Amino acid sequence: MPTGKILVVDDEPQIRRVMRTTLAPQGYEVYDARSGEEALEAVRQRRFDLILLDVNMPGMGGLDTCREIRAASDVAIVMLTVRNAEADKVAALDAGADDYVTKPFSMPELLARIRAALRRVPVSAESAATIEAGDLQIHVHERRVVVRGSPVRLTPKEFDLLLCLAANPNVTIAHTKLLQTVWGPDYGNEVEYLRTFINQLRKKIEADPAHPSLIVTEPWVGYRLAI
Amino acid sequence: MRVVPRDFLRSVIQATLTLAIVAGVTAACRFAAVNATTTGFVYLIAVLLIAAAWGIRESVLASVAGMLCFNFFFFPPIGTLTIADPHNWIALFSFLLTAIVASELSARAKRQARAAIDRQRELERLYRLGRSILLDRGDGPPAQRLAYHVAQVFELSSATLYDFLTEKEYRAGPDDLAIPAEVLSAALSGGAVTRADLVDARFALIRLGGKPAGVLGLRGHVSDTTVDAIANLVAVGLERARTQEAENRAEAARQSEELKSMLLDAIAHEFKTPLTSIKAAATSVLSDEGVSAAHRELLGIVDEETDRLNHLVSDAIEMSRIEGGRFKLNRSPARPAELIERVVRQMRARLAEREVQCEIEAALPETSLDRDLIELALRQLVDNAAKYSPAGAPIRIEAARSGASLLFRVSDSGPGVPPRERQHVFDRFYRAPGNKHGVPGSGLGLYVVREIARAHGGDAALAEQTAGGAQVEISLPVEATESAHG
């Protein structure tokens, strides 16, 4: 039985009702907020494991709310978008969401997305405690990253992605493999996730994000961590 | 000609004064018994002063009168107009010549000064006209405003601007000056715009970008060079007004497009919100293992129909976006087989009782395209195939490579498209005459399919009919997709 605190942010009462009714029996502790402003308030008061955030809300929109929450916290965020357009999805990921679901969605799909967002890549006991790659130090067990002497804050998904690349340095890891390791076995075609998350990682750890030297793109294949 | 009497009166007064001055000089010199040489110089000074003050006419009068008095009162034999000494003849004519040349020079200087003043005043007015044209914020047609400013600034009795664009005449000023038809036709054919019989009116052609844009007619006191300058200013003003109008129109179009797009988003949101609740609730119950088989079947119908309604809403919104002509392609590399697979999966309920034959050529390359739009186009074609063929008849979906193009072909085994309708089926809102009441539809489907294909640099067409049924093909150029990959 999964556990965790979930904050449902949607201006539509019926959707909050369905979520609460469905998520609670799954073992999640459900809280809700009617607007972006309320969500920010709730996040200040309590620590959540995951936030389900509607993109289209009056007042402070979902994307702004997402950015604001992401600036202060690495909680998992799944956005609910209305339009099934590529640009909207990329906007959601760029705003800092870990995943998105297009409305209307089926409940099993949403539950799978929630599990994927809450999922952490397991660290085996025999794996190295610290991985070093040039200026980069990854403290695996503490889930901590230090770049050029100063600590860097990564979201859990960014950390897992980096860890997945660092587990086999200098080896190109395929898109599908990365997606399935970090998000879960249901994923594999969502190359745009990787593009967005790799860009965010580069911004945080590369000396010059426009000319990456640590995380190298292998066109059509995948990415590798160059040491 | 009501100004003439005043001029005449002034001439008479000035002539009288001239004669009086000459008489005064004569009397003074006579009384002071000055010698002839000195008297001559005094006359000369008087003539120069008169020339400077009044002009050539008065100064010539003074010269002649002075010469006569000089002869009569100062050259012996005094008291007659005869001259005894030939030297005195020379002196007299030298005096006359000097007086006339001097007065001409002085008058010319005066004329030039006056011309300079006139020129300066016209320049000032042109400057003011330029300012009023540029700062004009008035209402009404721009040509009307321009005519008004010209008449106002140059104090003309009439200024008329004929605008070839609106084919209307705009008049300003106390008199009404109509521009004669011959002038207009001459202007349109690029000829000279003058009229001998309208002496007091001047016409100038207004050109915009080398093409005749209008004719300006003026009545009042302005020089020819100024008329040209006014015409140039009016041309600038007209051009500015037209640019402004075009910008306003573009802005209005943009705003209406924005409004439409906002409205569509609002509708999408309004419809999708309840659909989301319904689907979430239905699938939530469906995923419960304790649900009976009958309930599972019924909830399955709710779920599927929610999906159908959702696709209808999405497609309707997407189609009206495309129909508005403003959409951007969001290209990403896609595999044709995957697209077809997704379309068939989405239309599962619609195609439930049919055989769908998919023939996808092996090793088709990934192609850079807008997945959402191409899927929409394919859904339209499959939906059409289902609509226009008997229930249960098979539908074929093919994908193949043909030269530098990727080809999608959807075929049904219905009656096909009658020859006389073949060229119309892609028209906007076209519906086959016999079908209007039978089969539901908007007449947008194939139009949108073609718009999507063309936006990709390809096209959509009916294939040559081989074995009955309709066959629609979408061809897309295969482009390198390397750049689309990060």
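The values are calculated or read from the model by the stated rules, or taken from the named source; none is laboratory data. This one's a predicted model, so the numbers in the text were calculated from it and none came from an experiment. Methodologically, a virtual Cβ is constructed for each residue, glycine included, from the backbone with ideal geometry; neighbour enumeration extends over all protein chains shown.
Which residue out of A:THR181, A:THR176 is touching a residue at least 12 places away in the same chain (Cβ under 8 Å) and closer than 26 Å to A:ARG144 by Cβ? The unique qualifying residue is A:THR181. Taken over region B:350-369, the criterion of being in contact with a Gly (Cβ under 8 Å, 6 or more places away or on another chain) and either crowded, with 17+ Cβ neighbours inside 10 Å or not assigned by TED's automatic domain parsing to the domain that holds B:SER389 (or both) is satisfied by B:ARG354 alone.
Can we say A:ILE215 is within 14 Å of chain B (Cβ to nearest Cβ) and either out of contact with any Gly (no Cβ under 9 Å at 6 or more places or on another chain) or among the hydrophobic types (A, V, I, L, M, F, W, C) (or both)? In short, yes.
A count restricted to region A:188-222 and to residues that are over 22 Å from B:SER332 (Cα atoms) and over 16 Å from the mean Cα position of the chain (by Cα) stands at 10. The set of residues in region B:371-410 that are in contact with a Gly (Cβ under 8 Å, 6 or more places away or on another chain) and over 22 Å from B:HIS456 (Cα atoms) comprises B:ALA385, B:LYS387, B:TYR388, B:SER389, B:PRO390, B:ALA393.
So which residues in region A:48-67 are under 20 Å from A:SER106 (Cα atoms), away from every other protein chain (no Cβ under 14 Å) and touching a residue at least 60 places away in the same chain (Cβ under 8 Å), if there are any at all? A:LEU50, the sole residue that qualifies. Applying the condition of being surrounded by fewer than 16 Cβ atoms within 10 Å (Cβ to Cβ) and not in a loop (DSSP other than H, G, I, E, B) to region B:290-301 and asking which residue is farthest from the other protein chains (Cβ to nearest Cβ) yields B:ALA294.
With respect to the stated conditions, A:ALA95 is touching a Lys or Arg at 6+ places or on another chain (Cβ under 8 Å), within 30 Å of A:HIS139 (Cα to Cα) and outside the structural domain of A:GLU142 (by TED's automatic domain parsing). Filtering B:SER287, B:SER223 for residues that are hydroxyl-bearing (Ser, Thr, Tyr), more than 11 Å from every other protein chain (Cβ to nearest Cβ) and touching a helix residue (DSSP H, G or I) at 6+ places or on another chain (Cβ under 8 Å) leaves a single hit, B:SER223. Restricted to region B:314-349, and to residues there that are in a loop (DSSP other than H, G, I, E, B) and within 11 Å of chain A (Cβ to nearest Cβ), the residue that is surrounded by the most Cβ atoms within 10 Å (Cβ to Cβ) is B:ARG331.
Can you confirm whether A:GLU206 is outside the structural domain of A:ALA91 (by TED's automatic domain parsing) and either surrounded by fewer than 14 Cβ atoms within 10 Å (Cβ to Cβ) or in contact (Cβ under 8 Å) with a residue 60 or more places away in the chain (or both)? In short, no. Among the residues of region A:17-42, those that are part of a helix (DSSP H, G or I), within 21 Å of A:ALA116 (Cα to Cα) and either over 21 Å from the mean Cα position of the chain (by Cα) or more than 14 Å from chain B (Cβ to nearest Cβ) (or both) comprise A:VAL18, A:ARG20, A:THR21, A:THR22, A:ALA24, A:PRO25, A:GLN26. The residues of region B:50-77 that are out of contact with any Leu (no Cβ under 9 Å at 6 or more places or on another chain), under 17 Å from B:ASN35 (Cβ atoms) and either assigned to a helix (DSSP H, G or I) or modelled with pLDDT of 80 or more (or both), listed by number, are B:CYS69, B:PHE73, B:PHE74. Kindly check whether there is at least one residue in region B:139-159 that is in a strand (DSSP E or B), crowded, with 19+ Cβ neighbours inside 10 Å and aliphatic (A, V, I, L, M). The answer is yes, given that some residue of region B:139-159 is in a strand (DSSP E or B), crowded, with 19+ Cβ neighbours inside 10 Å and aliphatic (A, V, I, L, M). Which pairs turn up if I take residues in region A:13-31 that are assigned by TED's automatic domain parsing to the domain that holds A:VAL43 and look for partners that are in a helix (DSSP H, G or I) and basic (Lys, Arg) with beta carbon separation below 7 Å, at least 6 apart in sequence or on another chain? Sorted first by the residue in region A:13-31, then by its partner, the pairs are A:VAL30/A:ARG20. Within region B:253-264, identify whether any single residue is within 11 Å of chain A (Cβ to nearest Cβ), surrounded by 12 or more Cβ atoms within 10 Å (Cβ to Cβ) and not small (Gly, Ala, Ser), and answer yes or no. Scanning region B:253-264 turns up at least one residue that is within 11 Å of chain A (Cβ to nearest Cβ), surrounded by 12 or more Cβ atoms within 10 Å (Cβ to Cβ) and not small (Gly, Ala, Ser). With respect to being assigned by TED's automatic domain parsing to the domain that holds A:ILE15 and surrounded by 23 or more Cβ atoms within 10 Å (Cβ to Cβ), A:PRO58 falls outside the description. Condition check for A:TYR31 on (1) over 24 Å from A:MET107 (Cβ atoms); (2) surrounded by fewer than 20 Cβ atoms within 10 Å (Cβ to Cβ): one failure, at (1). Of all residues in region A:72-97, those that are modelled with pLDDT under 85 have Cβ atoms under 6 Å from Cβ atoms of residues that are polar (S, T, N, Q) and in a strand (DSSP E or B), 6 or more apart or on another chain, in A:ASN84/A:THR102; A:ASP88/A:THR81.
State whether the residues of region B:32-40 include one that is surrounded by 10 or more Cβ atoms within 10 Å (Cβ to Cβ), under 57 Å from the mean Cα position of the chain (by Cα) and outside any helix (DSSP H, G or I). No, region B:32-40 contains no residue that is surrounded by 10 or more Cβ atoms within 10 Å (Cβ to Cβ), under 57 Å from the mean Cα position of the chain (by Cα) and outside any helix (DSSP H, G or I). Would it be correct to say that B:LEU161 is under 17 Å from B:VAL222 (Cβ atoms), of a type outside the set (D, E, K, R) and touching a residue at least 40 places away in the same chain (Cβ under 8 Å)? It is true that B:LEU161 is under 17 Å from B:VAL222 (Cβ atoms), of a type outside the set (D, E, K, R) and touching a residue at least 40 places away in the same chain (Cβ under 8 Å). Residue pairs whose Cβ atoms lie under 7 Å apart, sitting 6 or more positions apart in sequence or on different chains, and linking a residue in region B:8-29 that is touching a residue at least 24 places away in the same chain (Cβ under 8 Å) to a partner that is in a helix (DSSP H, G or I) and of a type in the set (Phe, Trp, Tyr), are B:VAL25/B:TYR43; B:THR26/B:PHE73.
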